[in-house]
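Note sheet for the following structure.
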């Protein structure tokens, strides 16, 4: 089906119900909380001889702690949230916290599951109505976007917060998404389906998530309900199946390994080791640039291998072969080193894609194909930086999410010429550029997180098809996607390291 604008029909429902307590309070422009709402949200039940069921008291305490987790993650990211802060905001003691939850991650999983459960139930209930595919999708997206607008901090936890948490939270996120994908596959095709090489549903869900995440990051969540019609038109433009020639590698039957396996790139190996000690003829700028590159590489390698929680300055300094003082001369903290490594990786991916795109213009479809392949080649050649930038950088902090949002917005601008190439009578939704970039970015995330990064080269033709289809239609998008594309050639040095 060709991409077209859907005229939104009146919804059969008023949208998803707000949270039981009205959603977490938003931060106002002066930085203060909505005092009345916050006081009401965290008001404890009366103590003493009140005669309340102890289980009711525990449920109330759990709910207040979940609300506190949602609020604090929205303010400063999962990694910066401490149990003492959670207990204080929720107005419970720390011993009470530990009587209810094993640790911070246990609380996060409880909050995530509660938000995810309500969201998916609302979406699936709307999507399961006895109506046409397009109408069902529109009603489901209205339910989803209205819920996001009503509860932005809770939805931020769902689409952003899980990426900064630990393995247990990521496992819950993966399971939730797989269940949703199976439900959508069954509704689209009349049968359950797993990862059999068709990335359509994953791209659609990823695009919707990224459009949502961008509005939540900018505190423009009120725009989301207005985008339901455009998102529905974009998603409905994809045929139910991709051409067989474009199928991506299927997931292993025994599932991907949960262990992080990240090889070091050739460039990083060449950059290892300190410069010769003693007097050097190298300019001071070159010495500092070399030290910074080693710190950036060490940060990426540690996070990719062990996770963000395991990142420490002593380990960065040891692996980069620099002193602690040299580290602090370049980066004030480990968070700054992480942010620097993320900027380097993401800007390099953008640079590689743009250079390949420019080399093929003015043939815009071939330019998009070349840009996609160049980004994939870079990701495969720098697995540690790819892991840090695309997987670990998602929810590390508000700053890393902002950096990521800026880069994805920059990628989307290169799709502007595609709107002029749409077939006669087809109006491509304006959100399509942002959505296709977000959808394919989520596919990259999936392959990297699943330790299948080397399979991305084989998936490149289908990803190109996903990028082009809403603009060109399925036949022309498939033709371009199947044309040979020159492999990108990543530069041997991380461009931008001197300004990270």
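The values are calculated or read from the model by the stated rules, or taken from the named source; none is laboratory data. Quick caveat: nothing in here was measured; it's all calculated off a predicted structure. Note that each Cβ is placed from the backbone with ideal geometry, even for glycine, and that neighbours are counted across all protein chains shown.
For the range 138-148, the criterion of being modelled with pLDDT of 80 or more, under 17 Å from residue 81 (Cα atoms) and surrounded by 16 or more Cβ atoms within 10 Å (Cβ to Cβ) is met by no residue. Of the helices (runs of 4 or more DSSP H) lying entirely inside the range 392-483, the ones with 1 or more residues being without any contact (Cβ under 8 Å) to a residue 24 or more places away in the chain are found at 398-412, 432-449, 474-481. Name the single residue, out of those in the range 195-218 being part of a loop (DSSP other than H, G, I, E, B) and out of contact with any helix residue (DSSP H, G or I) (no Cβ under 7 Å at 6 or more places or on another chain), that is modelled with the highest pLDDT. Ranking the candidates gives 198 first.
Taken together, the criteria exclude residue 149 from residues that are part of a helix (DSSP H, G or I), touching a helix residue (DSSP H, G or I) at 6+ places or on another chain (Cβ under 8 Å) and free of Cβ contacts under 8 Å to residues at least 24 places away in the same chain. If the condition is being over 17 Å from residue 63 (Cβ atoms) and exposed (fewer than 14 other Cβ atoms within 10 Å of the Cβ), then the range 80-94 contributes 82, 84, 94. Of all the listed residues (302, 313), the sole one being surrounded by 24 or more Cβ atoms within 10 Å (Cβ to Cβ), free of Cβ contacts under 8 Å to residues at least 60 places away in the same chain and either within 22 Å of residue 169 (Cα to Cα) or in contact with a helix residue (DSSP H, G or I) (Cβ under 9 Å, 6 or more places away or on another chain) (or both) is 302.
Going through (1) in a helix (DSSP H, G or I); (2) modelled with pLDDT of 70 or more one by one, residue 183 falls short only on (2).
The sole residue among 337, 320, 309, 349 that is under 23 Å from residue 469 (Cα atoms) and at pLDDT below 95 is 349. Modelled with pLDDT of 95 or more and either crowded, with 16+ Cβ neighbours inside 10 Å or more than 30 Å from residue 139 (Cα to Cα) (or both): does that describe residue 98? The answer is yes for residue 98.
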